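The values are calculated or read from the model by the stated rules, or taken from the named source; none is laboratory data. Quantities reported herein were computed from a predicted structural model and do not represent experimental measurements. Every residue, glycine as well, gets a Cβ built from its backbone with ideal geometry; the counts of neighbours run over all protein chains shown. Quick note on the areas: whole protein, heavy atoms, side chains included, nothing else; ligands and nucleic acids left out. Shrake-Rupley method; radii C 1.70, N 1.55, O 1.52, S 1.80 Å.
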Amino acid sequence: MNKHVKALITHPHFLRLSEVLAPAELRLVGGCVRDAVLGLTSADMDMATPLRPEQVMGVLTHSHIVAKPTGIDFGTVTAILEGKPYEITTLRRDMECDGRHVKVTYSESWEEDAARRDFTLNAMSLDKEGNITDYYGGQQDAQAGIIRFVGKAEERIREDYLRVLRYFRFYGRYGKVLPDAETLAACAAAAPHMGRLSGERVQKEMLKILGTRDPSAVLKLMQDCGVLAVMVPSLQPNAAKIAAEKIAREKHYEPFVDCDSNTLSLRRLSYLLYQSVLSLDPISTRWKLSRAQQKTLQLFCSQPLSFKTLARKEGKDKAWNALLVQATNVELKEAKKWLPDFNPPAFPVSGSEVPHLTGKALGDWLKAAENKWEESDYVLTKDELLKKEFL
Ligand code: ATP
Ligand code: MG
C-alpha cells in the first residue's frame, strides 16, 4: 500500500463517516483512488455506499453531521466535516437515455457502479482496509497512461456525449500513450451531437482541459476530430497551432504572470479566439460564462490603446495576460524590459478641476487630456494639462 492510499484510508473524516454509516459499507471512489494509485494527492475525496440517499441523509443528521442533498436526484448527498465537503453517492446503475440526461437506478452492487463509470482509471474503489477493487484493470491503465472507456467507446459516448470532453481532459492529464484510432473515431462521430450539451457542463470540462500544464497536444487532437470547432464558437482558423505557439512561449514569462486557474484557462481560450474582429457573444452564451469571466475575456482579446495604458488602468497582471494573447514575440520580449518596473503616476486632473465643463463635454475633455498625458509619457503636469484646449 503506498503512502497516498494509506493517507486516504486513515483520513479522520473518512473514518468518521464510515463509522456512522456502518454496518453499510462506505468506500472511496473515482478520482481520489486513481490519484492515490499514481502517487498523487487529490483535492476531493468522493465516496460511495449501497445505502439510499434518504438513509444517508437520515444517518448523518442523526449523528449531528451537516448533510446537504446537493444532488439527491442522482443519489448524491454532501456531508460537511469541519467545513470540508464530501460527496457520498449511492451505488448506481445508469440507464441509457438521450445522450444528455442520465436516468438513475440505484444498485447494491459495487460492480454495477463501476460499470457505469467513464474510464477504467476512474472506476476503482478503495475500502477502509486498503483493498482496491478494480474490475477493469484501471490500476494498470493509470500507470501506463492509457485512457480507456469502460466498455465500448462508441456506446459509452452515445449515453453521454460529455464523455468525449472528459476523455480529452483525462488524456491531457494522465495520457502517456497515443489515443487509439477506434476511440478517436468515436469522438469524431460524436462531434455533430455535442452541440446539445449544456453550457455549464461544457464550460466546466473545457476550462479544465485548457487549465492543464500544456494542453497543446489535446487541442490538436480535438481540432483534428472536429470536436474543437463544435465546442468553441468563433474559433479562429488554425487555432490549435496558434495556441500551441503561444503556450510554448508562456514558460519565459511565468515569473511575471500571477494568475489563478480560471484566469489561466480564459487566457488559453483567448489564444483560440483572438482575431482582429471578434464578437465574444457566441462563446459567452454557449459556455454560459459569468459576467466576470466575460469581462476578463474581453480584456484579454480586445486591443488596448496601448499595453501601457492597459497596465496603468487594469494592473500588470492583466497587461501580461493580454500581451501573451496579442503581442508578437518582439513586443513580448520588449515588455520584459519596461513592464516589471513600470510604476505609473495617477492621472493628475480630476473632473472638479475643470469647472467650465459638465456632462459629456467634461468626459470627452478628461479622456483627451488623459491621452495627451499618456503620449507625453506622464510628463505633462496638472497645470499644463489644464491650460490645453482639447475640445
Ligand atoms: P477530478 O480530479 O478532476 O475531480 P474525477 O475523476 O474526480 O477527477 P469528477 O468529474 O469529479 O472527476 O467525477 C468523479 C467520478 O465520477 C469520476 O471519476 C467517474 O468515475 C465518475 N463520472 C463523472 N462524470 C461521469 C460521466 N459523465 N460518465 C461516467 N462517469 C462519470
Ligand atoms: Mg472529482
Please give the number of the condition Ala48 fails out of (1) surrounded by 16 or more Cβ atoms within 10 Å (Cβ to Cβ); (2) of a type in the set (Gly, Ala, Ser); (3) assigned to a helix (DSSP H, G or I). (3)
How many of the residues in the range 1-39 are in contact (Cβ under 8 Å) with a residue 12 or more places away in the chain, away from ligand 1 (no atom under 16 Å from the Cβ), among the acidic types (Asp, Glu) and outside any loop (DSSP other than H, G, I, E, B)? 0
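Can you give me the ranges of the helices (runs of 4 or more DSSP H) entirely in the range 153-253 with at least 1 residues that are open to solvent by 20 Å² or more (accessible area, probe 1.4 Å), within 16 Å of ligand 2 (Cβ to nearest atom) and at pLDDT 95 or above? Quick ask: steps written out before the conclusion?
Working: elements: 153-159, 162-174, 181-190, 199-210, 216-224, 227-231, 239-250.
Output list reads 162-174, 199-210.
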Name the one entry in Thr90, Thr41 that is out of contact with any Cys (no Cβ under 6 Å at 6 or more places or on another chain), within 16 Å of ligand 2 (Cβ to nearest atom) and not aliphatic (A, V, I, L, M). Thr41
For the range 24-74, enumerate the residues that are out of contact with any Leu (no Cβ under 7 Å at 6 or more places or on another chain) and of a type in the set (Lys, Arg). Arg52, Lys68
So Val379 fits all but one of (1) open to solvent by 60 Å² or more (accessible area, probe 1.4 Å); (2) part of a helix (DSSP H, G or I); (3) more than 18 Å from Glu254 (Cβ to Cβ); (4) without any contact (Cβ under 8 Å) to a residue 24 or more places away in the chain; what number is the exception? (2)
Given the condition within 16 Å of ligand 2 (Cβ to nearest atom) and open to solvent by less than 20 Å² (accessible area, probe 1.4 Å), answer yes or no: does some residue in the range 61-71 qualify? yes
Hits in the range 51-84 - residues which are without any contact (Cβ under 8 Å) to a residue 24 or more places away in the chain and either within 11 Å of ligand 1 (Cβ to nearest atom) or not in a helix (DSSP H, G or I) (or both): His64, Val66, Ala67, Lys68, Pro69, Thr70, Gly71, Thr76, Thr78, Ile80, Gly83
Checklist (1) open to solvent by less than 20 Å² (accessible area, probe 1.4 Å); (2) within 15 Å of ligand 2 (Cβ to nearest atom) applied to Leu81, failing item: (2)
Tell me, which residue of the range 140-176 that is touching a Leu at 6+ places or on another chain (Cβ under 8 Å) and hydroxyl-bearing (Ser, Thr, Tyr) is nearest to Gln223 (Cα to Cα)? Tyr171
Search result, residues across the range 104-116 that are under 26 Å from the mean Cα position of the chain (by Cα) and surrounded by 22 or more Cβ atoms within 10 Å (Cβ to Cβ): Ala114
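Can you tell me which of Thr41, Thr10 is more than 23 Å from Arg173 (Cβ to Cβ) and in the same structural domain as Ala123 (by TED's automatic domain parsing)?
Details: Thr41 fails: more than 23 Å from Arg173 (Cβ to Cβ).
Among Thr41, Thr10, only Thr10 is more than 23 Å from Arg173 (Cβ to Cβ) and in the same structural domain as Ala123 (by TED's automatic domain parsing).
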Only one residue in Ile132, Ile147 is in contact with a strand residue (DSSP E or B) (Cβ under 8 Å, 6 or more places away or on another chain), farther than 26 Å from Thr212 by Cα and either open to solvent by less than 20 Å² (accessible area, probe 1.4 Å) or aliphatic (A, V, I, L, M) (or both). Which one? Ile132
